[in-house]
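Report on the following structure.
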């Protein structure tokens, strides 16, 4: 089955710890994205990558880091510098050629930091 | 002011009713408009996509865009309990470098 997988589904961490969220896709998409979803705020873009070994900051990149060493993988690290890390994190991917505006989303990871 | 405004609801209607979900936007550069459906604790999935003013129909769903008023709508006919979800509008300009999402409307269809 083609799609995007995110793991784990639920993640609990203590304040001050870094945590890495996994995102893998087998859709052969060039572009990948990380969003954060909070109640009543929709999806906010954290980072995106349109090609391997390249990525750009989104609207709320502070306290987060990413890497894109493989086309299939785009892990997100939530660092201790992120002031309010508890949220639902969504990974998405899309084709860049031919151009498409459709993003395919993974099932999400719910991170709780206490 | 947010670039995209969407009534968060929640909206509760009886089964079989016609549902109207709406978004307004402020950026006249937006040209591509999408509706995503998100079931509880799941990722969003694309429901409909359009780039022109007017109506686009797909089964029980109709997407409507009015660029002059900067207003888009999603209509659901003969609503079913399985339509209960959060609906997110989304839009982007011709570069598609970034998609802006509305905050989502939570919809509940009562059997």
For segment A:43-50, indicate whether the set of residues that are within 11 Å of chain B (Cβ to nearest Cβ) and surrounded by fewer than 18 Cβ atoms within 10 Å (Cβ to Cβ) is non-empty.
-> yes
Tell me, which residue of segment A:55-78 that is within 14 Å of another protein chain (Cβ to nearest Cβ) and in a loop (DSSP other than H, G, I, E, B) is surrounded by the fewest Cβ atoms within 10 Å (Cβ to Cβ)?
-> A:59
Residue in segment B:71-111 that is farthest from residue A:57 (Cα to Cα), counting only those that are modelled with pLDDT of 95 or more and assigned to a loop (DSSP other than H, G, I, E, B) | B:78
Consider residue A:111 carefully, then state whether it is assigned to a strand (DSSP E or B), at the interface with chain B (Cβ under 8 Å from one of its Cβ atoms) and over 17 Å from residue B:97 (Cβ atoms).
-> no
Can you confirm whether segment A:96-104 contains a residue that is modelled with pLDDT under 95 and either buried (at least 21 other Cβ atoms within 10 Å of the Cβ) or part of a strand (DSSP E or B) (or both)?
-> yes
Output the number of residues of segment B:70-107 satisfying the condition of being closer than 18 Å to residue B:49 by Cβ and touching a helix residue (DSSP H, G or I) at 6+ places or on another chain (Cβ under 9 Å).
-> 1
Restricting the first residue to segment A:96-108 and requiring it to be under 14 Å from residue A:32 (Cβ atoms) and more than 7 Å from chain B (Cβ to nearest Cβ), which pairs with a second residue that is at pLDDT 70 or above and in a loop (DSSP other than H, G, I, E, B) meet a Cβ separation below 6 Å and a spacing of at least six or different chains?
-> A:96/A:30
Can you name the residue in segment B:64-107 that is more than 13 Å from the chain's Cα centre (by Cα) and within 14 Å of chain A (Cβ to nearest Cβ) and is also surrounded by the most Cβ atoms within 10 Å (Cβ to Cβ) among such residues?
-> B:99
Limited to segment B:21-53, what total is found for residues that are within 12 Å of chain A (Cβ to nearest Cβ), part of a loop (DSSP other than H, G, I, E, B) and either within 20 Å of residue B:66 (Cβ to Cβ) or in contact with a strand residue (DSSP E or B) (Cβ under 8 Å, 6 or more places away or on another chain) (or both)?
-> 8
Residue, nearest to residue B:71 (Cα to Cα), within segment B:1-17, restricted to residues that are away from every other protein chain (no Cβ under 14 Å) and modelled with pLDDT of 90 or more = B:11
Of the residues in segment A:26-54, how many are within 29 Å of residue B:4 (Cβ to Cβ) and assigned to a loop (DSSP other than H, G, I, E, B)?
-> 8
In the set A:89, A:33, the lone residue that is within 19 Å of residue B:95 (Cα to Cα) and either within 14 Å of chain B (Cβ to nearest Cβ) or modelled with pLDDT under 95 (or both) is A:33
Taking residue B:56, is it at pLDDT below 95 and assigned to a loop (DSSP other than H, G, I, E, B)?
-> no
Residue A:81 in contact with a strand residue (DSSP E or B) (Cβ under 9 Å, 6 or more places away or on another chain) and surrounded by 21 or more Cβ atoms within 10 Å (Cβ to Cβ) = no
Looking only at segment A:3-25, decide whether some residue is more than 9 Å from chain B (Cβ to nearest Cβ), part of a loop (DSSP other than H, G, I, E, B), modelled with pLDDT under 95 and within 25 Å of residue B:91 (Cα to Cα).
-> yes
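The values are calculated or read from the model by the stated rules, or taken from the named source; none is laboratory data. Small disclaimer: the values here were computed from a predicted structure and weren't measured. Virtual Cβ from ideal backbone geometry, glycine too; neighbours counted across all protein chains shown.
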